[in-house]
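The next block holds one structure in the form of structure tokens; read it before the comments.
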Amino acid sequence: MADLGRRARERDTEAGLGHPAWERDTEASLGHRAWERDTEAGLGRPAWERHVEDVSGLLAGLAEGTLGEAFQRTAHLRPDAVAVQVDDDALTHAELDERAAAVAGWLRGRLPAGARVVIAAPNGIALVTAYAGVVRAGCVAVLASPALTERELRHLVSDAGAEAAFAAGASREALARIGHPLRTLAALDGTDFGDVLACGLTRDPEPVPSDSPALLAYTSGTTGTPKGVPLSHANLLSSIRAALAAWRWTADDVLVHALPLTHQHGLGGVHAALLTGSRTRVLSRFDERRLIETVAEERASVLFAVPAMYERLAELAELTQPASLRRLRLAVCGSAPLSPELALRVATAIGQVPLERYGTTESGLNVSNPLGGPRLPGTVGLPLPGVELRICDVAGRDAAEGEIVLRGPQVFTGYWNRPEATAEAFHPGGWFRTGDLGHVDPATGHLTISGRSKELVITGGLNVYPREVEQVLEEHPGVAEAAVAGLPSARWGEEVTAWVVRTGHSPAVSGDALIAFARTRLAPYKCPKRVLFIDALPRNAMGKIVRHELPAPSAHDT
């Protein structure tokens, strides 16, 4: 995989084929489309080179090394620069490197390389230290949200076969009750962790192959039991390196966010700091006023947030017009769809359209709007360097609209102990089936997400993509946000149904009015046949709608 880009740019002149190998594999790959658009649209560069002009050198090194080696190298280059600060607790690159070495030494005296180690705690410096130590030791980090119940943690521990854990608060208490197969449990919020840090230091990272697992992530479980996703050092490094290059990240950047560090979106900010020598400031919880104050205090250059956070920031910024947000060079949005309406509201408030990007648990960061533009609201942009992208039908054939499939060094190789799920997740040729539906605009090359394949509504034999209907409803001034799903119908098979949160300034908008509004913008079969009003949409920790938790209609709903 490490030589993917080199192969992609080489021309087989001896065979006279005139296209790189990966273009021959699929005529519908986005890179190939970009080459063919050179003359049609005047874009002049394939998709990767719209992010990074000199892409060949980047691609050759995307997947090299391990996280521990890369973090240690940065610490030697910028020892005294602050690496990560969570609330008021900060560590320089050298301090974090020393603590990570201590954790690694403690683990290596107890566990073999490859052992799974659960880390379950709220945002904090101890969590960052534990994570850096686990990957330095050659063990596999299993990050667990502190919101998980004991039942959920039990599944995680059992499925991962975890042998040790670092935890705090209620998670520590739950893990202590779970016990087996855990052999060791250290409290991140007690004296235990001090004892860990007092152990002898291990200066050199464990020599493990770059394709060995570093992180065992778990799918969100919004549509079923969470599955383990082993992500190698090469997967994680190639994902963040491609994004950092595309976003022109330097050691001078200061990132601020309030995302959970047990999720890859928030963890990506830590990776950014530890790979580039930059600084990441994390808040333990999201508060829009405190976040704006922190951006000002840090003179931040980059902000990470999800759409729900941007909505609250926009509401406050519209009233206070903080100059600090307008000084940001980059505001990144991900983890959930950003509506074009909200994107434009945020742009008015902070002076730039948020840079929306797309990725999955299994494949890291894959697609991004270009830093230099155009940033097209409603789209997630172009494939990042190293990522190949196609749109396929259920049989894996190229299609104008359908499932997004990916391959590249960022993409995992299969689910943890789930051979059947792994077989279902890939088309021949190593193309990962994301389960997300979308299409690529042939004029711009930008990808638009239309929904999830399992969320597709089939009404009267016709396919309806929920996200398309949601975006139309959210154009109405009386709608703050909307979710669309199918309900069983004797007549239609499934009935397109909308759950709507009204805006505060238009509480009287009716379901009939919204259906009529949709009919002016959508084909009749796509329009909701029923609208249900609720106070808030059910979402997970990263802001994604949990559709199976949408309330069932009552007898008086129309």
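With respect to ASP189, determine if the residue is in contact with a Lys or Arg (Cβ under 8 Å, 6 or more places away or on another chain) and either outside any helix (DSSP H, G or I) or under 30 Å from LEU58 (Cβ atoms) (or both). Spelling it out, ASP189 is indeed in contact with a Lys or Arg (Cβ under 8 Å, 6 or more places away or on another chain) and either outside any helix (DSSP H, G or I) or under 30 Å from LEU58 (Cβ atoms) (or both). Cβ-Cβ distances below 8 Å connect the following pairs, each with a first residue in region 194-206 that is modelled with pLDDT of 80 or more, a second residue that is among the hydroxyl-bearing types (Ser, Thr, Tyr) and part of a helix (DSSP H, G or I), and a separation of six or more residues or different chains: LEU197/THR129.
Among the residues of region 409-425, which ones are over 18 Å from LEU447 (Cβ atoms), part of a loop (DSSP other than H, G, I, E, B) and not charged (D, E, K, R)?
Answer for region 409-425, where residues must be over 18 Å from LEU447 (Cβ atoms), part of a loop (DSSP other than H, G, I, E, B) and not charged (D, E, K, R): PRO409, PHE412, THR413, GLY414, TYR415, TRP416, ASN417.
Checked against (1) hydrophobic (A, V, I, L, M, F, W, C); (2) closer than 13 Å to ALA100 by Cα; (3) in a helix (DSSP H, G or I), ALA176 meets all criteria but (2). If you check LEU355, LEU382 for being in contact (Cβ under 8 Å) with a residue 60 or more places away in the chain, more than 23 Å from VAL229 (Cβ to Cβ), surrounded by 17 or more Cβ atoms within 10 Å (Cβ to Cβ) and outside the structural domain of ALA246 (by TED's automatic domain parsing), only one passes: LEU382. Select from region 397-408 the residues that are crowded, with 18+ Cβ neighbours inside 10 Å and in a loop (DSSP other than H, G, I, E, B) and list them in ascending order. GLY408 - this is the single residue of region 397-408 that is crowded, with 18+ Cβ neighbours inside 10 Å and in a loop (DSSP other than H, G, I, E, B). Just so you know, in region 358-374 the residues that are among the polar types (S, T, N, Q) and crowded, with 20+ Cβ neighbours inside 10 Å include one that is nearest to ARG241 (Cα to Cα), and it is ASN366.
All conditions in (1) farther than 20 Å from LEU437 by Cβ; (2) assigned to a helix (DSSP H, G or I); (3) touching a strand residue (DSSP E or B) at 6+ places or on another chain (Cβ under 8 Å) hold for ALA536, with the sole exception of (2). The residue that is farthest from the chain's Cα centre (by Cα), counting only those in region 192-208 that are crowded, with 19+ Cβ neighbours inside 10 Å and in a loop (DSSP other than H, G, I, E, B), is THR202.
Among the candidates ARG299, ARG279, single out the residue that is touching a strand residue (DSSP E or B) at 6+ places or on another chain (Cβ under 8 Å), among the basic types (Lys, Arg) and buried (at least 24 other Cβ atoms within 10 Å of the Cβ).
On the way: ARG299 fails: buried (at least 24 other Cβ atoms within 10 Å of the Cβ).
So the residue among ARG299, ARG279 that is touching a strand residue (DSSP E or B) at 6+ places or on another chain (Cβ under 8 Å), among the basic types (Lys, Arg) and buried (at least 24 other Cβ atoms within 10 Å of the Cβ) is ARG279.
Scanning region 497-541 for residues that are within 27 Å of the chain's Cα centre (by Cα) and surrounded by 19 or more Cβ atoms within 10 Å (Cβ to Cβ) returns ALA498, TRP499, VAL500, LEU537. Here the strands (runs of 3 or more DSSP E) wholly within region 426-466 that include at least 2 residues being surrounded by fewer than 16 Cβ atoms within 10 Å (Cβ to Cβ) and out of contact with any strand residue (DSSP E or B) (no Cβ under 6 Å at 6 or more places or on another chain) are 462-464.
The values are calculated or read from the model by the stated rules, or taken from the named source; none is laboratory data. Small disclaimer: the values here were computed from a predicted structure and weren't measured. As a convention, Cβ positions derive from the backbone with ideal geometry for all residues, glycine included, and neighbour counts pool all protein chains shown.
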